[in-house]
Amino acid sequence: SAMKKSSSEKRRHVVAWVNKAEWDQVLDYLYSKDPALQRFALQRVSAWRGRYAHNTPVAVDCTADLVRCQVLDRSGQLNGDDLVLLYGAALVRFVNLITERQQGRKARPLRRLAGKLNIPEWVVDLRHDFTHKKLPTLKWCRKGCKVVLEWLQQEYWSRQLGGGADEDWESDSDGEEEDAELKRQESNLLSRQREMEAFKATRDILISYESERYQSLDGPQEDRALAPLADMSWLLGEIKQLSLDSSDLLVDVLLEDGFLVPTVEQLETLGCDPFETPGSSEPRVPQPVLRFWLPLLKMLNSPSFIHLLLEKLFVELKVATAEQTDLRVFYLSAWASEVLLCNSNKFEFRFERKTQKKARMKDRIFMNRIQLRWQQLLSACLDAPCGSTPHLLQLILDDMEHPLPQDTQQKLLQLCSIYTQTPAVEFSLPRDQKHQPIYTLESLHEKRRQQLRHSGERSESSGDLQRMDVLTEKAKVLRGSPWQVCSDKVLWKNFPLGKVPGQSDDPSSLMVETYSAMTVCEQPVEMESSRGQNAPGVPGPARAAEGLIWNQSDVNRLKCGLKLF
């Protein structure tokens, strides 16, 4: 019983009101609509303040300030500007006092503190306008006062009636919050430190791999193929363990400059021309670079690793394209192409001889087909548009387990080519899909070529005649029209929509040189409309209670003042 008594004594505290009846009365009067009752309640709060000295509950103070604003507003004794200043002082005082106890040793944004207390953000913005910007309107002041009083009633007064004297937002929890914040910061710092150590260890082991590979390349030709197996087995084993522990980290380091994306110095060391490959729409990894990394990639060719590598290649490709780093864009695209081609049943490159294809078959990263998450790869590819995207998109569409409809594939490829400003990828359509709407100039040219091939007219001279016939036919259709067919070779992509070659930038050049004018009175009027003015049931000039709004002479003057051009 002694323990119960001590705990109850801890929760007891001195209050300024006589009893619960006085508390209930003041609460009812404060939130009544009767100014007389509200004034009485304000007088009781003033008495409470005298008893509390400097320890009046914040919610009681703020409620009294806001109710006093409402009483003076309803009295009609103050003008709008005075009321705005009065409401402003009460609202600023409310936000500052309520959030003050939530502030720790470090200042935190008021919006964040108010959000924890379920105070609407626009109330904090209202306080900001009062203190730093143009004063809000009286309408917003009244609305803010009403919302804040409702918040105080719900968060303070109603809870007091339930017997809870201490509120969460009044409790002094600064120490606990700051301790928790410090623990979070320490945890984040340790986690970041561990990540940096793991990143450095991964980078160091990949640099060791590069060093071993460069040394093996310096040896005799017949020893180069044996070097990865004989001298690097322990190193490859370490990298394999890294991939099992954190494949994400390993891929992140591999895709940094100096690894799968070689530097200019590395390319020169491997005997590759660093300025020859960038810009290709169908990129491929040069054979020396591919063989340099092949021992490592063959050891890491699990389906999960391959898919992760592909996804991160497209993510990095998006960033590199935005930064316009051509060499990096090329090699990221080339590695993506290499992996996709390894998984493809076709596995063929253009312009390669049989001996080259046979050699490249030995350079495959993996032999068995992998079931990839095609929809994710398709989205990642389209999210990283660059010059090689149509080629990569074609590889994905060709190799999907459940391919998209043919017309959808064609539209995707066409849109991709238009967006990236690259030549359209060749795409063979079934016979029933050859009659498609023409959306671009390329589509028109392609359809024309198909027609010429179909009719057997392959000679250039016959093609010129056909083009002349088309121009003549168009000119015939446009005869009598202000439009005419442009026979000049114009790069229309250099001109904004609505502008033509030779057009001046001066807006006055769009004005016609000659024109005529007439007043509205001179405008020809049809007989039916003139008869309709005198027809029964048609209202005459508009009338008001005092008589005509406009008389007939006013209407005539208006008509004579208006001109048509």
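Stretching Q484 away from C560 to a fully extended chain increases their span by 23.4 nm, per 0.36 nm per residue minus the current alpha-carbon distance. What the phi angles of region 79-84 give under the Karplus curve with 6.51, -1.76 and 1.60, with θ = phi - 60°, is a coupling list of 7, x, 5, 5, 5, 4 Hz, glycine and proline written as x. Ordered by 1.4 Å accessible area with all protein chains kept, W48, W492, W483 run largest first as W483, W492, W48.
Each residue of region 392-402 was assigned a 3J(HN,Hα) from its phi angle through the Karplus expression (A = 6.51, B = -1.76, C = 1.60, θ = phi - 60°), giving 5, 5, 4, 4, 5, 5, 5, 9, 5, 5, 10 Hz with x at Gly and Pro. Counting charges near V261 (Lys, Arg +1; Asp, Glu -1) among other residues having Cβ under 9 Å from its Cβ returns a value of -2.
For region 183-420, what is the relative contact order in percent, using Cα pairs closer than 8 Å and at least 6 residues apart in sequence? Result for region 183-420 is 18 percent. Cβ-Cβ distance of D204 and D505, R₀ of 60 Å, FRET efficiency by 1/(1 + (r/R0)^6): the value works out to about 0.50. Under 5 Å from the amide H of I370 lies no amide H of any residue 5 or more positions distant or on a separate chain, with H modelled from the backbone and absent for Pro and chain starts. With a 1.4 Å probe rolled over the protein heavy atoms of all chains, the accessible area of F314, F565 falls in the order F565, F314, largest first.
The Cα atoms of region 20-162 give a gyration tensor whose axes a ≥ b ≥ c have a/c of 1.5 or more with a/b no greater than b/c, which makes the shape oblate. Using a probe of 1.4 Å on the protein chains alone, the accessible area found for E276 is around 130 Å².
Phi angles of region 480-491 translate, via the Karplus equation with coefficients 6.51, -1.76, 1.60 and θ = phi - 60°, into HN-Hα couplings of x, 9, x, 8, 8, 6, 7, 9, 6, 7, 10, 7 Hz per residue; Gly and Pro are given as x. Cross-link pairs exceeding 30 Å in C-alpha to C-alpha distance, out of K116/K146; K312/K362; K116/K183; K134/K183; K183/K318; K411/K493, comprise K134/K183; K183/K318. The heavy atoms of F40 offer some 80 square angstrom of accessible surface to a 1.4 angstrom probe.
Excluding ligands, DNA and RNA, the accessible surface per residue across region 183-420 is 54 Å² with a 1.4 Å probe. When a/c is below 1.5 the answer is rounded, else prolate if a/b is larger than b/c, else oblate, so apply that to region 183-420 with a ≥ b ≥ c taken from the square roots of the Cα gyration tensor eigenvalues. Note, shape of region 183-420 comes out oblate.
Computed with a 1.4 Å probe over protein heavy atoms only, the accessible area of Y214 comes to about 60 Å². Which percent of the accessible heavy-atom area of region 183-420 goes to carbon and sulfur, probe 1.4 angstrom? Using a 1.4 Å probe with all protein chains present, region 183-420 comes out at 53 percent carbon and sulfur.
I want to make sure I understand the PRE zone here: with the label point 7 angstrom from the Cα of E401 toward its beta carbon, which residues in region 293-307 have backbone N atoms less than 17 Å away? Residues 302-307 qualify, since their backbone N sits under 17 Å from the label point. Of W234, W293, the residue with the largest accessible area leads and the full order is W234, W293 (1.4 Å probe).
The values are calculated or read from the model by the stated rules, or taken from the named source; none is laboratory data. The structure presented is a predicted model; accordingly, all values stated were derived computationally and were not measured. Quick reminder, even Gly has a Cβ in these numbers, built from the backbone with ideal geometry, and neighbours come from all protein chains shown. Calculation scope for accessible area: heavy atoms of the full protein, side chains included, ligands and nucleic acids excluded. Shrake-Rupley method; radii C 1.70, N 1.55, O 1.52, S 1.80 Å.
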